[in-house]
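Since the structure comes first, as structure tokens, the remarks are kept for the end.
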Amino acid sequence: MEKYWYWMVPALFGAVVLTALVVNRFAPAARRRLRRIVVLYVLYVVCVAGAVTLSEGGEAAWAGRLQIAAHLFEQFTIVNVLATVLFDALLPRSKLTFSAILTDLIVGGAYIVVGLSALRQGGMRASDVVTTSAVVSGVLALSLQATLGNILGGVAIQLDGSVHVGDWIQLENGKQGRVRDIRWRHTVLETRDWATLIVPNAQLLASNILILGKRGGEAVPQRMWVYFQVDFRYPPSRVVKVVADAIVGAPIERVAKDPPPSVICMDLARDGKDSFGLYAVRYWLTDLAVDDPTSSLVRARIHAALRRANIPLARPTQSLFINPDNSDDQELRATRHREQELRALNSMSLFDSLTPEEKETLTHHTRFAPFTAGEVITRQGAVAHWLYILESGDVEVRTRIDGATETKLVATLSGPNFFGEMGLMTGEPRFADVVAKTDADCYRLDKPAFQTVILKRPEIAKEISGRLAERRVELIAIRDGLDAEAQKARQQKEQAHILQSIQDFFGLK
Ligand code: CMP
């Protein structure tokens, strides 16, 4: 027996060191397990040393008992070394992972097998050992009822596979979190607030839990609701269309395209007392970890769309009574709006030759039109109704070549600037898509207003035709691949053509 230890003690030492190296290299998260292995190995060495010393001292009976203990610790060390290398280092590398409970069960089973065989080798009868451990287990089961409930809950959750690590779940109290680990006694959830929630397994099993973003075991986006309220005098069909067009018209990060978002009118003048219609945007969230920021993007899109369509969000009912709109308030607000519009017009060199009075008149025809990032402001080929004054933000001018679905970038405009003048001044369809690159605050100037300006100051048409020709040639160059020489030649031709189109369109001589 002693000879056997001469090689077994160093061999096991080598195996422990090797396991430590493998774990450090491939599975640093499993370092905790190393401690158990080292403790078992140290106990093993102590028992071996004790057995040798006692047998040399003639204490054969005690030496025999320590020998059995040494044998037990030796086997336990081997089981742990194998389990750690297999379950923590090798199998995860081939994408095979076992839950903590399952590996513990396998290791526990291995303990029983090697333990029984070690005791048998030491001369003990297996039936005695089984009877003793059954009595001990019975006593423990009685005293640890609650803990056992949790443990059995954990085993049940693992076995029936209803909850997996990585799932998002909602508890009965409304708390939500992502399952990080299913342990023996409890399940660990990580909430979006970076908190960790410990739920006893028995409780998890006894209550109704929602598994979010999953159906039939398949991951699906989670349906989200964003509510808004609009004065009930605005027709629901119009509100629904305005918001739906804006939400579906351009992608929003983490909002699924399929199923598409929808807008519904939930209620009108609820209980006969609210002075608003209640609406909801229902969208499908693709990343459950980012729910509130995504709803916030959706709300920004709703707000901008309603603002463009001049549909105000409902005011809190109380303010209708406590702070009624009087004519002074309305006057004040109108003046403030006109000042903002005037500031936008003044920032445009396009209108430099207009007198302050003419600009003041124009403000009656401008309307604030904000856009959120990603929204299409004008579409290539559409009829032009407005000239856009870009007060702040960036927009991209993009052109589509011969029916292709992809568009090509022509230019990026930053506020203050203007666009949409080509269609408005020549009556031709829009030349390009203009897409908001960032959130963009625009003012729309309608065609009759522009017509008044051009009729009063025909020289503006001449001034602007040069600028228009430059933009148009740049766009045609990208679309048709013109070189510098060809662009120069085209410039003069386009300018003359544009001037003619403007004069024809507005009936100038
Ligand atoms: P319109 O054709 O009405 O609609 C698309 C708008 O994109 C167009 O008017 C111009 O205002 C703008 N646009 C087209 N080409 C360019 C360019 N090369 N640089 C800047 N803006 C452009």
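The values are calculated or read from the model by the stated rules, or taken from the named source; none is laboratory data. Please read these numbers as outputs of a predicted model, since none were measured by experiment. All Cβ positions, even for glycine, are placed from backbone atoms using ideal geometry, and neighbour counts span all protein chains on display. These accessible areas exclude ligands, DNA and RNA; they are computed on the full protein's heavy atoms, side chains included. Shrake-Rupley method; radii C 1.70, N 1.55, O 1.52, S 1.80 Å.
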How much area per residue is accessible in the range 1-66 when the probe is 1.4 Å and only protein heavy atoms are counted (Å²)? 66 Å²
Between residue 385 and residue 192, what is the label-to-label distance in nm when each label sits 7 Å out along the Cα-to-Cβ direction? 3.6 nm
Sorted by mean Cβ packing within 10 Å, highest first, what order do the peptides 211-220, 474-483 take? 474-483, 211-220
With x for Gly and Pro, the residue-by-residue ³J(HN,Hα) of the range 474-480, computed from phi through the Karplus equation 6.51 cos²θ - 1.76 cosθ + 1.60 at θ = phi - 60° and given in whole Hz, is 4, 5, 5, 4, 6, 5, 9
Under 5 Å between amide H atoms, partner at least 5 residues away or on a different chain: which partners does residue 197 have, H built in plane at 1.01 Å? 189, 190, 191
Relative to the present Cα-Cα distance, how much length would full extension add between residue 335 and residue 452 at 0.36 nm per residue of separation? 39.9 nm
For residue 223, the residues 5 or more places away or on another chain with a placed amide H closer than 5 Å to its own amide H are 285
Residue 101: net charge of surrounding residues, Cβ under 12 Å, Lys/Arg +1, Asp/Glu -1, itself excluded? 0
Go from 0 up to the bin containing the longest alpha carbon distance in the range 362-407, width 10 Å each, and give me the % of pairs per bin. 19, 49, 26, 6
Computing the accessible area with a 1.4 Å probe over protein heavy atoms, can you report the carbon and sulfur percentage for the range 322-401? 49 percent
Past the 18 angstrom mark, what percentage of all C-alpha to C-alpha distances in the range 388-437 do you count? 33 percent
Give the cross-link partners of residue 359 among the aspartates and glutamates, using a straight C-alpha distance below 20 Å as the criterion and excluding same-chain residues fewer than 8 apart. 331, 339, 341, 391, 421, 441, 446, 459, 463
Nonlocal amide H pairs with residue 232, under 5 Å, H built at 1.01 Å: 276, 277
Rounded to one decimal in nm, the spacing of the 7 Å Cα→Cβ label points at residue 237 and residue 218 is 3.6 nm
For the range 1-93, the Rg and Dmax computed from alpha carbons only, in angstrom: 15.0, 51
How charged is the neighbourhood of residue 358? Take every other residue with its Cβ under 11 Å from the Cβ of residue 358, and add Lys/Arg as +1 and Asp/Glu as -1. +1
Nearest 10 degrees is fine. How inclined is helix 236-249 to the longest principal axis of the chain, computing both from alpha carbons? 70 degrees
Along Cα→Cβ, 7 Å out, is where each label goes; now give me the distance between the ones at residue 173 and residue 463 in nm to one decimal. 6.9 nm
Compute the Rg to Rh ratio over the chain from the alpha carbon atoms, using the Kirkwood formula for Rh, and round to two decimal places. 1.25
Can you compute 3J(HN,Hα) from phi for each residue in the range 289-296, using the Karplus curve 6.51 cos²θ - 1.76 cosθ + 1.60 with θ = phi - 60°, rounded to whole Hz and x for Gly and Pro? 6, 10, 7, 5, x, 5, 4, 5
Degrees separating the helix 60-83 axis from the principal Cα axis of the chain, which is the longest one: 20 degrees
Cα-based helix-to-principal-axis angle, 447-456 vs the chain, degrees rounded to 10: 40 degrees
Leaving out same-chain residues fewer than 8 places away, which lysines sit with a Cα under 17 Å from that of residue 437? 408
At a 1.4 Å probe radius, carbon and sulfur cover how many percent of the accessible area of the range 156-237? 51 percent
P(r) of the range 305-449 over all Cα-Cα pairs, binned every 10 Å from zero, in whole percent: 11, 35, 32, 16, 6, 1
Running Debye on the range 19-73 with equal point scatterers at the Cα sites and no solvent, what base-10 log of I(q)/I(0) appears at q = 0.15, 0.18, 0.25, 0.31 Å⁻¹? -0.52, -0.61, -0.84, -1.06
What is the gain in length, in nm to one decimal, between residue 258 and residue 358 on full extension, counting 0.36 nm per residue of separation less the C-alpha to C-alpha distance? 31.1 nm
Within the set of other residues whose C-beta is less than 14 Å from the C-beta of residue 179, count the net charge using Lys and Arg as +1 and Asp and Glu as -1. +3
Using distinct alpha-carbon pairs, which all enter the 1/r mean, Kirkwood radius of the range 434-504 in Å: 14.0 Å
Past 29 Å, Cα to Cα, is the threshold; run 95/257; 447/493; 95/175 against it and keep the listed order. 95/257; 95/175
With θ taken as phi - 60° and the coefficients 6.51, -1.76 and 1.60, list the Karplus ³J(HN,Hα) couplings across the range 175-183 in order, rounded to whole Hz; mark glycine and proline as x. 6, 10, x, 9, 5, 9, 7, 10, 9
